[in-house]
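This report refers to the structure that appears directly beneath it.
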Amino acid sequence: MVAESNQLRIVASRGVPGNLAEHTRVSLDDSVSGRVFASGKAIPLEARILAVVDAYDAMTSLRPYRDPMPHEAAAEELRRGAGVQFDARCVEAFLGLQGDVLDASARNLAAGDQ
């Protein structure tokens, strides 16, 4: 119970509305306990999106115990979990957006080098 309330407090402190924080915690706990996101019907869309974004961020961020995973490897990991751990439509939409963002970032870096 203490860990559960700490999870909600941490998520809520990031500006996430309480009901979304609660659904996200439940959704993530379901994933950990072996239940899957694939049905997704009872899980709010916001929580399904947040699960994909959070997983990508965790994989591609520097951690004290490991280097960040490259985008391509993280994207492949999300694809493997699509329809099992993550909502497949959310993974597809996120990876499509990531392509646009990475392309724009590369253009900005190239423009700055000139």
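Each reported figure results from applying straightforward, stated rules to the coordinates on display, with no laboratory input. As the structure is a prediction and not an experimental result, all values here were calculated from the model. Glycine gets a Cβ as well: all are built from the backbone with ideal geometry, and neighbour counts include every protein chain shown.
Structure notes:
- Stretch gain in nm, segment Val84-Ala42, where the contour uses 0.36 nm per residue and the Cα spacing is subtracted: 13.6 nm
- Cβ-based net charge around Thr60, under 13 Å, with every Lys or Arg adding one and every Asp or Glu removing one: -4
- Highest mean packing comes first when the peptides 60-72, 79-91 are listed by Cβ atoms within 10 Å, giving 79-91, 60-72.
- Taking θ as phi - 60° and the Karplus parameters 6.51, -1.76 and 1.60, the scalar couplings of segment 68-74 work out to x, 7, x, 3, 4, 5, 5 Hz in sequence order, x denoting glycine and proline.
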